[in-house]
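The values are calculated or read from the model by the stated rules, or taken from the named source; none is laboratory data. Please read all numbers here as calculations on a predicted model, not as lab measurements. Positions of Cβ are generated from backbone atoms using ideal geometry, with glycine treated the same way; all protein chains shown enter the neighbour counts. Accessible surface areas use protein heavy atoms only, side chains included; no ligands, DNA or RNA. Shrake-Rupley method; radii C 1.70, N 1.55, O 1.52, S 1.80 Å.
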Amino acid sequence: MNEQTVKTARMPNKIEALIPIVFLLAIMISNYVFGWGQDPHIPVLLACCVAMLVGKLCGYSYADMLAGGLNAVSQSLEAIIIILCVGCLIGSFEWTGTIPAVVYYGLQLISPKLFLPLACILCAAVGIAIGSAWTVTATLGIAFMAIGTTMGLNPALVAGMILSGACCGDKFSPLSDSTNLAAGSAQTGLFDHVRAMITTTFPSLVIAIIIYSIISLQGSAQYDPELANGLSQAIIDHYDYMSPVLLLPLVAIVVVALIKMPALAGVILVSIIGCIFAVIFQGANFSDCITMMHYGYSAETGNELCDTLLNKGGMDSMLWTNNLVIVAVAFGGILQTIGAVESLLGGLIKKVRTPFQLIVVTILTSVFCITTMCDQYLGLIIPASMYKDKFDEMGLARNMLSRTLEDGGTLWSPLVPWSSCGAYHSNILGVPTLSYLPFTFMNLINPIFAIVTVSFGSNILYADGSRTNIFGKLVKGSVAGAPKEAHEKALAALAELRSAGKAKDIK
């Protein structure tokens, strides 16, 4: 920021700080109410312009505000590139038959007596394999809604079950754009982030499955499997080869995570493995490998559900997401530069003294951003930019920040009727958002579980790799990725807190 700007610029008051947010909220709610069907890209871009007008009114120069937006984009550049490469991976997995194999063999395991818990688990498994809750909803979701109807189950209950599994799988998947963005926004390693979510998300899923099991055991055990059988048959008929061998590329993802390979290199490597399997088992050639990684897989099976499942992937398929990420990140950067975020929430940040308070504030901020700005990416990006320094000051690991972003952000977005996620899932499943909301047990339990456990001193991840387990006992662990300067700052803060007896230490 130049010398003249320092002298003349001022922090916007709360009304001025709210103007860009209210502007964006008004457009997105109008989009929902009037059924315009518009994507959020241009509204967010217009909100950037409004934010810059507010900044100009407060004395900030155009150059400084532009630099703030571009700097925010620059910090997320690795995540943006990873998202593009994830498109390549999905394309290779579709062509190979890996993703369809997960669906095919998963459907064979569905039991009418335990329909709800098994369907939830399958949605989670496919979500991990695909990296998209949206695709799970549009494929298995439609099939399971029909099956649930034949069993006489409440459609809102079935929709909630589908989203619980799909959103959990999406969160855990290294292929998910939101998972990559959460790690990128917090500036930590992708697999460090995924590992951190095991401490809150997995127990939440288990609790949700238990609830679905109890409900399922009390319901009907009869259903019409026609849709599921039709999807399975279409998969078998389309691929030259279909066997459990095609699930092996998923093992490669696990191996890459276990050996802590850098995310970008790991995604590219697994994409190449997918291409090799496509050549060996599906008869693809080198040109096909380029096509699948660039444009994804294209198929016409005659089965609408199967076509929806298969026609996915490719670098091109991620341009919609990345375009939104760029303008959303820039919006957050501009708000940060002009002091709008500090004006609205700065007083709250200063009052945070404990990890429990920090987790509560971060989750509530994610929920606030998604509810008011109508997009889950903003619910990840803005809280990350606001609180990452606070996590460092408290000696906490950056993957604890990324985990918290997903605990509050990713899981809340399908529950807001006027958000892009809420509108999409409601339309696909044919159930109003507010109707299925009480039954999305996974989405509701996860943030509560995260808050409650931290309040007891559990599930806290420190910058030196140590962490408290579910019982609050401090144990050694792996150091999570973070920028060098931020990591050194966090380690120094942790050492000071421990010497003052304000943080647990391994004896």
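For segment 342-369, the set of residues classified as farther than 19 Å from Ile451 by Cα and not hydroxyl-bearing (Ser, Thr, Tyr) consists of Glu342, Leu344, Leu345, Gly346, Gly347, Lys350, listed by residue number. When Gly339, Gly313, Gly302, Gly332 are checked against the criterion of being over 22 Å from Ser76 (Cα atoms) and either in contact (Cβ under 8 Å) with a residue 60 or more places away in the chain or open to solvent by 10 Å² or more (accessible area, probe 1.4 Å) (or both), Gly302 stands alone in meeting it. Among the residues of segment 347-362, those that are open to solvent by 10 Å² or more (accessible area, probe 1.4 Å) and part of a helix (DSSP H, G or I) comprise Gly347, Leu348, Ile349, Lys350, Lys351, Pro355, Phe356, Gln357, Val360, Val361.
Okay, residues lined up against (1) at pLDDT 90 or above; (2) of a type outside the set (Asp, Glu); (3) surrounded by fewer than 24 Cβ atoms within 10 Å (Cβ to Cβ); (4) out of contact with any helix residue (DSSP H, G or I) (no Cβ under 9 Å at 6 or more places or on another chain):
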| position | (1), (2), (3), (4) |
| --- | --- |
| Thr372 | no, yes, yes, no |
| Tyr377 | no, yes, no, no |
| Ile382 | no, yes, no, no |
| Leu396 | yes, yes, no, no |
| Glu406 | yes, no, no, no |
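Scanning segment 265-280 for residues that are more than 22 Å from Thr291 (Cβ to Cβ) and either free of Cβ contacts under 8 Å to residues at least 24 places away in the same chain or open to solvent by 50 Å² or more (accessible area, probe 1.4 Å) (or both) turns up just one, Ala265. Evaluating Leu415 against the criteria (1) open to solvent by 10 Å² or more (accessible area, probe 1.4 Å); (2) over 24 Å from Thr354 (Cβ atoms) leaves one unmet condition, (1). Is it the case that segment 202-224 has a residue that's under 21 Å from Ala101 (Cα atoms) and among the charged types (D, E, K, R)? Checking segment 202-224: not a single residue is under 21 Å from Ala101 (Cα atoms) and among the charged types (D, E, K, R). Taken over segment 423-472, the criterion of being β-branched (Val, Ile, Thr), open to solvent by 50 Å² or more (accessible area, probe 1.4 Å) and at pLDDT below 90 is satisfied by Ile428, Ile470. Every test in (1) more than 29 Å from Asp316 (Cβ to Cβ); (2) surrounded by fewer than 24 Cβ atoms within 10 Å (Cβ to Cβ) is passed by Gln187 save one, and that test is (1). Apart from one condition, Val206 fits all of (1) crowded, with 24+ Cβ neighbours inside 10 Å; (2) closer than 20 Å to Thr440 by Cβ; the exception is (1).
Scoring Leu181 on the criteria (1) open to solvent by 50 Å² or more (accessible area, probe 1.4 Å); (2) modelled with pLDDT of 85 or more leaves a single failure, condition (1). Within segment 283-298, can one find any residue that is more than 29 Å from Ile80 (Cβ to Cβ), exposed (fewer than 14 other Cβ atoms within 10 Å of the Cβ) and touching a residue at least 24 places away in the same chain (Cβ under 8 Å)? Yes: one or more hits. Scanning segment 439-469 for residues that are out of contact with any Asp or Glu (no Cβ under 9 Å at 6 or more places or on another chain) and among the β-branched types (Val, Ile, Thr), we see that the one that is nearest to Cys120 (Cα to Cα) is Thr440.
Looking only at segment 483-507, residues that are open to solvent by 40 Å² or more (accessible area, probe 1.4 Å), in a loop (DSSP other than H, G, I, E, B) and out of contact with any strand residue (DSSP E or B) (no Cβ under 6 Å at 6 or more places or on another chain) come to 6 in all. If Asp192 satisfies all but one of (1) surrounded by 24 or more Cβ atoms within 10 Å (Cβ to Cβ); (2) over 14 Å from the mean Cα position of the chain (by Cα); (3) outside any helix (DSSP H, G or I), what's the number of the condition it fails? It is condition (3) that Asp192 fails.
Of Leu227, Leu250, all but one fail to be on the phi < 0 side of the Ramachandran plot, open to solvent by 50 Å² or more (accessible area, probe 1.4 Å), out of contact with any His (no Cβ under 8 Å at 6 or more places or on another chain) and outside the structural domain of Gly481 (by the TED database); the exception is Leu227.
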